[in-house]
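Since the structure comes first, as structure tokens, the remarks are kept for the end.
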Amino acid sequence: MKGFSFIEKAIEVALENVMSNQGGPFGAIVVKDGKIIGTGRNEVTASNDPTAHAEVQAIRAACKYLNDFQLIDCEIYTSYEPCPMCIGAIYWARPKAVYYACTKEDAAKIGFDDQFIYEQLSLPIDQRNITMKQISPNQYELPFKTWEKSKDKTHY
């Protein structure tokens, strides 16, 4: 398979998901060395999990396949331009590229509008719609300090 075929596969996964009524019209695959190593579909409503987006599901499957928490030298093909949450997961997974079919504007036309989240992220914390405040009890930094001193940690 080549790039065009991989994006077609992601679109096929998205269409199958819609046809089976398992979730939104989103599908994603992870490819390494020309081989599909992870497939994901939107399962938000099927699993009652707001994080079960296609890209996250594909990343989880590929990482399990590789037995690694990073997708070095991998590519992600997705039916839709990744949302802010998926972009975060993608950056943490560190693939070399992401290719998508539909844009966020296309998705907004059918009711999947992430613009509100992009706007919220650009605001100072005290101006966001969801309250976010730091609470600092005694020893609140203990986990961080312990991590910092640990000689057994795995950096990521």
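Would you mind getting the Kirkwood hydrodynamic radius of the chain from its Cα pairs, rounded to one decimal in Å?
On the way: mean 1/r = 0.0580 Å⁻¹.
Computed over Cα pairs of the chain, the Kirkwood hydrodynamic radius comes out at 17.2 Å.
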**Q.** 14 Å Cα cut-off, lysine pairs counted over the chain (separation 8 or more, or different chains)
**A.** 6
Q: Sort the following peptides by mean Cβ neighbour count (other Cβ atoms within 10 Å, averaged over residues), highest first: 139-151, 65-77.
A: 65-77, 139-151
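Tell me the relative contact order for the range 72-156 as a rounded percent, counting alpha carbon contacts under 8 Å between residues six or more apart.
Values: 60 pairs, mean separation 19.1, N = 85.
The value is 23 percent.
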**Q.** Accessible area per residue in Å² at 1.4 Å probe, computed on the chain
**A.** 68 Å²
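To the nearest 20 debye, what is the magnitude of the charge dipole of the chain about its Cα centre, counting +1 on the Cβ of each Lys and Arg and -1 on the Cβ of each Asp and Glu?
Details: 17 positive and 20 negative charges, 114 e Å.
It works out to roughly 540 debye.
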Q. Counting only protein heavy atoms, what percent of the accessible surface of the chain is carbon or sulfur at a 1.4 Å probe?
A. 55 percent
Q: Report relative contact order for the chain in percent, whole number only (criteria: Cα-Cα under 8 Å, sequence separation at least 6).
A: 16 percent
Q: At most 15 other Cβ atoms within 10 Å and a DSSP loop assignment: could you name the trypsin sites (Lys or Arg not before Pro) in the range 1-102 that fit?
A: K2, K96
Q.
Compute the distance from the alpha-carbon center of the range 27-104 to that of the range 8-22, in whole Å.
A. 15 Å
Q.
Quick check: the distance between the Cα centres of the range 105-119 and the range 141-156, to the nearest angstrom?
A. 38 Å
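The values are calculated or read from the model by the stated rules, or taken from the named source; none is laboratory data. In this text the structure is predicted, and so the values were computed from the model without any measurement. Methodologically, a virtual Cβ is constructed for each residue, glycine included, from the backbone with ideal geometry; neighbour enumeration extends over all protein chains shown. Areas reflect the complete protein model, heavy atoms only, side chains present, ligands, DNA and RNA absent. Shrake-Rupley method; radii C 1.70, N 1.55, O 1.52, S 1.80 Å.
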